[in-house]
1. 5 Å is the cut-off here: which amide hydrogens, built 1.01 Å from N in the peptide plane, fall below it relative to residue 137, excluding neighbours closer than 5 in sequence?
2. Given Cα pairs under 8 Å that are at least 6 residues apart, what percent is the relative contact order of the range 72-164?
3. Give me P(r) over the range 72-164, computed from all C-alpha to C-alpha distances, binned every 10 Å, as integer percentages.
4. Residue by residue through the range 123-140, which ³J(HN,Hα) values in whole Hz follow from phi under the Karplus form 6.51 cos²θ - 1.76 cosθ + 1.60 (θ = phi - 60°), with glycine and proline marked x?
5. So how strong a dipole does the range 72-164 carry about its Cα centre when Lys and Arg Cβ are +1 and Asp and Glu Cβ are -1, to the nearest 20 debye?
6. What's the ranking of 65-73, 98-106, 125-133 by average number of surrounding C-beta atoms within 10 Å, highest first?
7. Go through the range 61-124 and name the GluC sites (Glu not before Pro) that are in a DSSP coil and have 16 or fewer other Cβ atoms within 10 Å of their Cβ.
Amino acid sequence: MSYDNNTPQYPQQGYTPQQTGYVQQPQYQGGIPPQQQSQQPLYSSTTQMNPQLVVNDRGNPTKEWKFGLLDCFEDCGLCLKTSCCPCITYGETKAKLNQDPDACLGHTLLYTCFHFMRIDFILGGLNRGEVRARHGIDGSACGDCLTHFCCNCCALIQEHRETHSN
């Protein structure tokens, strides 16, 4: 016996569809019975249920710095150390970022050379980009170098605090 998908075939003549178990289901518009089509939904979504993620141009979620650029005076010891010898703060940040405490001295000496040549903002900008990438913070390489060129000590303190807070 062949069955057609559109019209039900019954194996034995004389039986009703209910007796044979072959009952054709009613077709509803949109698959929803009419008594349920007019009912209001129990809830509606809100922005708290579906928060908007901020994504950068690469499609990765981004976030902001935990500490502001001008929040450098909140840690007086770090502020004093960075004002007197920024190369130490840079070396500590770089060593923590690379998870290699033995590399602190090497990074400190490298930054000292760049500092005396007055091009420390380049090395600082590169490190700032690395900190941003590690923590998923939005920004650009040009902005990183400009931040170090204009506010070197504040940028070093912000990066140090961001890296050492985790």
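No lab work stands behind these numbers, since they all come straight from the coordinates. None of the values given here were measured: they were computed from a predicted structure. Note: ideal-geometry Cβ built from the backbone for every residue, glycine included; neighbour counts use all protein chains shown.
1. Those lying under 5 Å, H to H, from residue 137 are 63.
2. Numbers: 103 pairs, mean separation 30.4, N = 93.
Here the relative contact order equals 33 percent.
3. 18, 55, 26, 0
4. 3J(HN,Hα) across the range 123-140, in whole Hz: 5, x, x, 5, 5, 4, x, 5, 5, 4, 5, 5, 9, x, 8, 6, x, 9.
5. On the way: 8 positive and 11 negative charges, 27 e Å.
Magnitude of the dipole: close to 120 debye.
6. Per-residue mean Cβ counts within 10 Å order the peptides as 125-133, 65-73, 98-106.
7. Working: sites: 64, 74, 92; in loops: 64.
Qualifying residues, ordered by number: 64.
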